[in-house]
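Colleague: Quick one: the structure is below, questions incoming.
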Amino acid sequence: MNLLKNVLICSLTVALAPASSLAYFTQDNSGEEAFSFVSTFDSPRNAAVEHSAGALPSTDPTITQLNPAALRIQEGKKHIVEAHWQTGEMAENQGSLFYTTQVKQFALQFSYNWYDVGSIDGYDELGNETGKEYNPFGHLFTGTIAFPMKHIQFGAGLKVVAEKLADEEAFGDRTAFGAAFDWGVSWQNASNSIGLSLAAKDFGSMLVDYSDDGEDDFFAMSQTFIASGYLRPKSIRRLTLLTATEFPRFTPPILDIGAEYALGKSFTIRGGWTRNWLDLVRDIKEL
């Protein structure tokens, strides 16, 4: 128990340090955060419910993208491996590999995530093509631990990020590196019909920037707080209602709402809706 107490104290100290040392909620400065591609690694489930499932305990390893405390190991399982891949407008080639295991009461997870934008034509300051091509490529390595305490579940994780924007020999650029810390705390009642959680993700910064000029700019990552909850109505046991509010450092808060309806053990219908809180307030005023 002393180990759990020490881990909790250390984790909370590391998590609160960035918030106390940096001015928070610098709104309407989207794009100032470093390594924004980290938030684009979505599983199909998380995307379907619009990231609202952070408070709901899950055996899906990708739940750590929303809240490390929500991670569970399926009963009777010792090792779980998961992989998913996608392509689209944000990246030509993007995917994730997860490995999760159980060690006593601890759930441990490691993952590797990558994104490849593909070839991008270069332009000068006047908008003319330079004839050069850029091939941005990013890597994300994560390690997560989750464990139960007396009334709550706690989870924490470390992230190491690397991103190359251009070839070093051709353009004088280099790969940028960064590190971040995630943590989460979850609670649910005895009947598992209600749950609440508070999490924080991407609390870190760039440690080595892209330009080899002898100086490094320590740009902050998204540093997002997330408050979420879920409800299983007694009248519709197979339905789970989900909600979350994200508080990014550089952009206005975001409201996420989702729902899951289990058709059986193997099939689930999911849907979600998300809206910037500022836009939502404006919509209400217009009505």
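Rule-based calculations on the coordinates, nothing more; no lab input. Owing to the predicted nature of the structure, the values given are computational and were not obtained by experimental measurement. Don't worry about glycine lacking a Cβ; one is built from the backbone with ideal geometry, like all the others, and counts go over all protein chains shown.
Colleague: Which pairs in the list Lys159/Lys265; Lys132/Lys201; Lys150/Lys265; Lys104/Lys150; Lys104/Lys265; Lys234/Lys265 are over 25 Å apart, alpha-carbon to alpha-carbon?
Modeller: Beyond 25 Å: Lys159/Lys265; Lys132/Lys201; Lys150/Lys265; Lys104/Lys265.
Colleague: For labels at Phe177 and Asn189 in the simple 7 Å Cα→Cβ model, what's the distance in nm?
Modeller: Spacing of the two 7 Å Cα→Cβ label points: 4.9 nm.
Colleague: Can you give the three extents of the C-alpha atoms in segment 242-281 along their principal axes, from longest to shortest, in whole Å?
Modeller: Here the Cα extents, ordered largest to smallest, are 40, 19, 9 Å.
Colleague: Which value in nm describes the separation of the simple spin-label points at Thr268 and Lys150, placed 7 Å from the Cα toward the beta carbon?
Modeller: 3.2
Colleague: Using DSSP to define loop residues, name the chymotrypsin sites (Phe, Trp or Tyr not before Pro) in segment 188-287 whose beta-carbon has at most 11 other beta-carbon atoms within 10 Å.
Modeller: Sites meeting the loop and neighbour criteria: Phe267.
Colleague: Separate question: Ser211 versus Leu158, label points 7 Å from Cα toward the beta carbon: distance in nm?
Modeller: Taking the simple label geometry, Ser211 and Leu158 are separated by 3.1 nm.
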